Each structure stands twice: as C-alpha cells, then as structure tokens.
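Reviewing the structure listed below.
The values are calculated or read from the model by the stated rules, or taken from the named source; none is laboratory data. Since we're looking at a predicted model, the values are computed, not measured. Don't worry about glycine lacking a Cβ; one is built from the backbone with ideal geometry, like all the others, and counts go over all protein chains shown.
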Amino acid sequence: MKKNIFLIPFFYCFFAFSIDEVELRKRFYQSVESVDVAKKLIYDLNKSSDSNVLNEGYKAATMMVMAKHVINPFSKLKYFKDGKKILENVIKNSPENLELRLIRFAIQTNVPQFLGYNNEIINDKNLILKKCTKLDVNLPNQAQLKLIIKQYLYQSEICSESELASLN
C-alpha cells in the first residue's frame, strides 16, 4: 500500500505542469504566426496545473488567434466568440490586471471592425498607460511586460506623442 502513496505525487508531476509568464508570452506571440504553436498552447493551457487569470487570458487570446488560422468561416466565428467570452469573463473578475487589458487591447485593435469588438480600446489604453509606469523594471517579468507594452503601443499608432512619452 505504501508504494501506491508514493506513486501519486509522481503521476501528478508527470501529467501536471505549468508554464511560466515569459514562456507563455513567447508562445502566444509565436501562435499568431503558427497554427501548430496555437493548437499546442491551447492544449498545454488546458492541461496546466496552474489555473490562473493570466493563463486563462492567454488561452482565450490564443483561441481568438486560431480564428486567423482556420479557413471555415463558421469555425473562425466559433473560435473568436469562444475566446472572447472567456477573455471578457476573466477581465470581469480581474479588471485591474494590466496584462489582461493589454491582451484585449491588442485583440480589439487588430480584429475587423465588423465584429464589433472594439468598445474597450480607449479604457484599456488609459489603464495600460497608467499602470505601465508603475512596473518595476528591476523585476524580469515586469521589465519584459513593460518592453512588450512599449513596443506594442508604438507600433499600434493609437497613442499620442505625449502618451508615448509618458512611458519613458
């Protein structure tokens, strides 16, 4: 009987894993260009032992990215709607989470207008600008997030010059 007790943690460790924030971000950005990476990321996040708002937010965003990779219009819409529902629910439960708001901002500024998913662009931008200045660049995860935010806001062309200057 004692042997079975020792096997339980082994099996848990073997089948359960988590993805750190740096790896999660890297894989998400790769998923935009690769359907295989997107599918694998969704699979891994579904199997992850670390169910948190960030993982759920990236899973939702990756589902929405899958809409880009499929051809069937019904599949495109299903991926988009399912991801949107999850993302909005996660943000509703963690409205001050900077990274979740960045994810939604990036999606809303890139999806076609006819989808009608663009009503939070200004609110998200304002929260991102406000919270980005408070990130501690001495912490690797926060430094990386600040760099991602700055790069995205510069390329998005949605911020004014003064807003962009406030990031420095």
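Six or more apart or on different chains, Cβ under 6 Å: which pairs go from a residue in the range 16-32 that's farther than 16 Å from residue 152 by Cα and among the polar types (S, T, N, Q) to one that's surrounded by fewer than 19 Cβ atoms within 10 Å (Cβ to Cβ) and at pLDDT below 90? Could you list them?
Within 6 Å, the pairs are 18/48; 18/49; 18/50.
Given the options 17, 6, name the one that is at pLDDT below 75 and either among the aliphatic types (A, V, I, L, M) or not in a helix (DSSP H, G or I) (or both).
Details: 6 fails: either among the aliphatic types (A, V, I, L, M) or not in a helix (DSSP H, G or I) (or both).
Residue meeting the stated conditions: 17.
Out of all the residues in the range 126-144, is one or more under 19 Å from residue 62 (Cα atoms) and either among the hydroxyl-bearing types (Ser, Thr, Tyr) or surrounded by 15 or more Cβ atoms within 10 Å (Cβ to Cβ) (or both)? Give the steps one after another, and end with the answer.
Of all residues in the range 126-144, those under 19 Å from residue 62 (Cα atoms) come to none.
There is no residue in the range 126-144 that is under 19 Å from residue 62 (Cα atoms) and either among the hydroxyl-bearing types (Ser, Thr, Tyr) or surrounded by 15 or more Cβ atoms within 10 Å (Cβ to Cβ) (or both).
So, residue 48, is that one hydroxyl-bearing (Ser, Thr, Tyr) and modelled with pLDDT under 95 or not?
When the stated conditions are applied, residue 48 passes them.
Any residue at all in the range 75-96 that is assigned to a loop (DSSP other than H, G, I, E, B), among the hydroxyl-bearing types (Ser, Thr, Tyr), in contact with a helix residue (DSSP H, G or I) (Cβ under 6 Å, 6 or more places away or on another chain) and under 20 Å from residue 55 (Cα atoms)?
yes
From the list 103, 122, pick out the single residue that is over 17 Å from the mean Cα position of the chain (by Cα) and under 23 Å from residue 81 (Cα atoms).
Numbers: 103 fails: over 17 Å from the mean Cα position of the chain (by Cα).
Just one listed residue meets the conditions, 122.
Would you mind finding the one in 100, 129 that is touching an Asp or Glu at 6+ places or on another chain (Cβ under 8 Å) and either modelled with pLDDT of 95 or more or not in a loop (DSSP other than H, G, I, E, B) (or both)?
Working: 100 fails: touching an Asp or Glu at 6+ places or on another chain (Cβ under 8 Å).
After ruling out the rest, the residue left standing is 129.
Quick check, is residue 158 out of contact with any strand residue (DSSP E or B) (no Cβ under 8 Å at 6 or more places or on another chain) and at pLDDT 95 or above? Break it down stepwise before answering.
Details: out of contact with any strand residue (DSSP E or B) (no Cβ under 8 Å at 6 or more places or on another chain): yes; at pLDDT 95 or above: no.
No, not satisfied.
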